[in-house]
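To start, the structure itself, in structure tokens.
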Amino acid sequence: MTEVFRPEAGGVRMELSTWQVELLAAIPALVENGGEALPADAYADDPLANSEYRRYMADEAEQADSGDMAIVMTTLSAALDGVVLDAEEAEAWLRSVGKARLVLGNRLGVTSNAWEADDTMEETPELALLHYLSWIQNSLVDALSDLLPDPVE
Amino acid sequence: MLSSAKQPSTANVPIIMATAPQETIDVESDVRTDRAWNVVVWDDPVNLMSYVVFVFRKLFGYSEAEATKLMLEVHHDGKSIVASAPRERAEMDCYRLHRYGLWATIERP
């Protein structure tokens, strides 16, 4: 199967079929309605420090997420013909797909790393979408990894 | 009514009294906040290994080998320290990890 994301001069090329565009259009609503499935606390056992942290960061986080979703929706509408994402657009995609996966995992009640190979899990649209987004994420990670410098240790 | 003659002395006294203890507190809190905090990433069942490796490389500039070692620590030990920094910087690192959906917290060493 052709890779959805391919590294290209200036960024990452994304090319999607009609049905993929339709599936991926579900991402913003998933993430917006799944806040409780996403990490937000900076302190493991300090509610006071957490409320302070959230007070400083909540607005910024919300704006950053909306920015990511706007990028996803704008570039998605151009992806049928193929579109080149610049570095920031590609990262916005990566973050959004990552968060949508967390929301789906939470809905499915995934608690163990074994879920990927667990063929006793009931087949649901959510599980199918999670597998599809895993594949999307891997394609994007592969493309973006090619653009990262690998420092000499 | 305040006399102009009294103003210099009343103005001086509070300045000295207010400044001295504040400086002491600031120095102490600076020492506290400058001590490095650890940025910890916790294991979760949903994020993919390849994704976690990429995020570590992207955010902290680790080589693929270093990032893979840290990811495997998360996977096998349940958590890994991915950075150490003064509190404010550690909070920012934590925020950047959250942006990618990684379960991160900060703690004193």
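Derivation of every value follows stated rules applied to the coordinates shown; laboratory data play no part. Predicted model only: the values in this text are computed from it and were never measured. Please note: Cβ atoms are built from the backbone with ideal geometry, for glycine as well, and neighbour counts cover all protein chains shown.
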**Prompt:** Over the alpha carbons of the protein assembly as shown, what is the largest minus smallest coordinate on each principal axis, giving the biggest first in Å?
**Reply:** 88, 41, 40
**Complete:** Cβ density ranking, 10 Å radius, fewest first, applied to B:T68, A:T111 yields A:T111, B:T68
**Request:** Please report, in cubic angstrom per residue, the volume enclosed by the convex hull of the alpha-carbon atoms of the stretch B:31-109.
**Result:** 75
**Request:** Show the residues, 5+ positions off or on another chain, whose built amide H is closer than 5 Å to the amide H of B:W37.
**Result:** B:A85, B:R87
**Prompt:** For the stretch A:1-140, what is the relative contact order in percent, using Cα pairs closer than 8 Å and at least 6 residues apart in sequence?
**Reply:** 36
**Highest to lowest packing among A:122-135, A:27-40, scored as the average C-beta count within 10 Å** = A:27-40, A:122-135
**Prompt:** For chain A, what is the mean residue ellipticity at 222 nm derived from helices alone (per DSSP H run of n ≥ 4: -39500 (n - 2.57); sum divided by total residues; nearest 500 deg cm²/dmol)?
**Reply:** -18500 deg cm²/dmol
**Request:** Starting at the first residue of the stretch B:55-60, write each ³J(HN,Hα) from the Karplus equation 6.51 cos²θ - 1.76 cosθ + 1.60 with θ = phi - 60°, in whole Hz, x for Gly and Pro.
**Result:** 4, 4, 5, 5, 7, 10
**Asked** Tell me, A:T120, A:T18, A:T74 in order of fewest to most beta-carbon neighbours within 10 Å?
**Response** A:T120, A:T18, A:T74
**Message:** I'd like the mean, over residues of B:93-100, of how many other protein chain beta carbons sit within 10 Å of each residue's own Cβ.
**Reply:** 6
**Prompt:** Between the stretch A:2-46 and the stretch A:113-153, how many Å separate their Cα centres?
**Reply:** 11
**Message:** Give me, ordered by chain and number, the residues 5 or more places off B:W103 or on other chains with an amide H under 5 Å from its own placed amide H.
**Reply:** B:W42
**Phi-based couplings in Hz for the stretch A:41-57 (Karplus 6.51, -1.76, 1.60; Gly and Pro marked x)** = 9, 9, 10, 5, 9, 9, x, 5, 4, 5, 5, 5, 4, 5, 4, 6, 9
**Complete:** Sequence order, the stretch A:27-36: Karplus ³J(HN,Hα) from phi using 6.51 cos²θ - 1.76 cosθ + 1.60, θ = phi - 60°, Hz rounded, Gly and Pro as x, gives 4, x, 5, 4, 5, 5, 8, x, x, 5
**Request:** Per residue of B:57-66, count partner chain C-beta atoms within 10 Å of its C-beta, then hand back the mean as an integer.
**Result:** 4
**Complete:** Label model pair B:H76, A:R54: point-to-point distance (7 angstrom along the Cα→beta-carbon line) in nm is 3.6
**Asked** Placing +1 at every Lys and Arg Cβ and -1 at every Asp and Glu Cβ, with all other atoms neutral, what dipole size does the protein assembly as shown have around its Cα centre, in debye to the nearest 20?
**Response** 800
**Complete:** For B:K79, the residues 5 or more places away or on another chain with a placed amide H closer than 5 Å to its own amide H are B:D43
**Request:** Pop the C-beta distance of A:A78 and A:D146 into the FRET formula with R0 = 25 Å and round what comes out to the nearest 0.05.
**Result:** 0.70
**Fill in**
With bins of 10 Å, the percent of all Cα-Cα pairs of chain A per bin from 0 is 10, 34, 33, 20, 3
